[in-house]
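Notes follow once the structure below has been shown.
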Amino acid sequence: MTETERPKRRGRRRGEQLMVPHTEFESYYGRPVIKAPSWAARDIAGYFFLGGLAGAGSVLAAGAQLTGRPRTATAMKVSSLAAVSLSAAALVHDLGVPSRFPNMLRVLKPTSPMSVGSWLLAGYGPAAGAAAVTAVSGRLPRVGAAATATAALLGPAVASYTAVLASDTAVPAWHGAHRELPYLFAASATAAASGMALLLGPTHESAPARCAAALAVGAEEVATRAAERRLGMVAETYRQGRAGNLLRAARLLTATGATTGLLLGHRSRPAAVVGGLALLAGSACTRFGTFAAGVASAEDPKYTVAPQRAAANSSDEAAS
């Protein structure tokens, strides 16, 4: 790092001039200050998306069962089981060695998002599986009800803990939005689960899914704007390049899917299918776009140093 050191401001009198001029930051040969995530986008962004779909889907399944929508409830239970299975497969594939996943269950470390997430998956997976099997077979209804309730209770955590996992890193675009990212992931997961319900469930049972999709789109927009305000200049990574393209597509797809489902999904099966597919695609674009923004922010050194410098300058000014 080549930067002329400047004197500390603490204790400087008002009106006193700095003798050493400020310089623009440059890293050593333009190299990144931190190491970019080595995760494969297909595995980890897919893991983010599928886990969210599974967790939110279990909540919708429980709601559908409680409100007398059995076909939607069964479809969402099977969907959640398939999604969590694929999510776990993507995680294990990224780990490289399958035995690494059970090794993470040897201890429970509450301060580690990865440890907590591993235990969440270990508890949620069997519950989602039992809920799906009993719903399809029609046997052991009490076991099925208990499994459905357990999966629904764990579902929100499964849908959003990946945001905590990402923001616990030093990646500027993720860590800087650590307060908003879980809400963004939860809203995106709700949109995906609503889309799956529109896609698989009958139209006369789709009212809760259509309403949930509309609420998810609004919540996702609010969380995105709040994250961008907090990130400041780092928010550029969410608007430029591959991440910008994916996130713009996500907004268009989720808005289109929610609008189509809300206005036409209750009376037109093709419209419900189109709306469901758009919501699913939009949610996937949100996860892949967020992943791409994180990689871009880690690769450019200015997104690591400039916010830290701005915070240090603010502290110095407040102290002087």
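The values are calculated or read from the model by the stated rules, or taken from the named source; none is laboratory data. What you see is a predicted model, and the numbers here were worked out from it, not measured in a lab. So basically every Cβ, Gly included, is an ideal-geometry build from the backbone, and we count neighbours across all protein chains shown. Ligands, DNA and RNA are stripped out before the accessible areas are found, and what is left, the full protein with its side chains, is counted by its heavy atoms. Shrake-Rupley method; radii C 1.70, N 1.55, O 1.52, S 1.80 Å.
Angle between the Cα long axis of helix 181-200 and the longest principal axis of the chain, 0 to 90 degrees, nearest 10?
Compared with the principal axis, the helix lies near 30 degrees.
Can you give me the % of accessible surface on segment 50-186 that is carbon or sulfur? Probe 1.4 Å, all protein chains present, nothing else counted.
About 69 percent, which is the carbon plus sulfur part of the accessible surface.
Ignoring ligands and nucleic acids, what accessible area does D300 show with a 1.4 Å probe (Å², nearest 10)?
50 Å²
Just to verify a number: what accessible area does E299 come out at with the full protein assembly present, 1.4 Å probe, Å² rounded to tens?
100 Å²
In nm, what is the difference between 0.36 nm times the number of residues separating D43 and A146 and their Cα-Cα distance?
33.9 nm
Per residue, how big is the convex hull around the C-alpha atoms of segment 118-209? Give it to me in cubic angstrom, could you?
107 Å³
Mind checking the dipole of the chain: about its Cα centre, +1 per Lys or Arg Cβ, -1 per Asp or Glu Cβ, Debye to the nearest 20?
Its charge dipole is roughly 460 debye.
Compute the FRET efficiency between F101 and A207 as 1/(1 + (r/R0)^6), taking r as their Cβ-Cβ distance and R0 = 35 Å, and round to the nearest 0.05.
0.35
Give me the angle, in degrees from 0 to 90, between the Cα long axis of helix 41-66 and the longest principal axis of the Cα atoms of the chain, rounded to the nearest 10.
Between the helix axis and the principal axis of the chain, the angle is about 40 degrees.
For the chain, what mean projected area does the convex hull of the alpha carbons give, in nm²?
Reported value for the Cα convex hull: 19.5 nm².
Leaving out ligands and nucleic acids, note down the accessible area per residue over segment 203-304 with a 1.4 angstrom probe, in whole Å².
With all protein chains present, segment 203-304 gives 44 Å² per residue.
At a Förster radius of 51 Å, what calculated FRET efficiency corresponds to the Cβ-Cβ distance of R267 and W119, to the nearest 0.05?
Once the sixth-power term is evaluated, E becomes 0.70.
Angle, helix 269-299 long axis vs. longest principal axis of the chain, Cα atoms, 0 to 90°, nearest 10?
For helix 269-299, the angle is close to 30 degrees.
For the chain, calculate the relative contact order in percent as a whole number, restricting contacts to Cα pairs under 8 Å that are 6 or more residues apart.
Result for the chain is 23 percent.
Using a probe radius of 1.4 Å on heavy atoms only, what accessible surface per residue do you get for segment 68-119? Whole Å² is fine.
Per residue, segment 68-119 has an accessible area of 54 Å².
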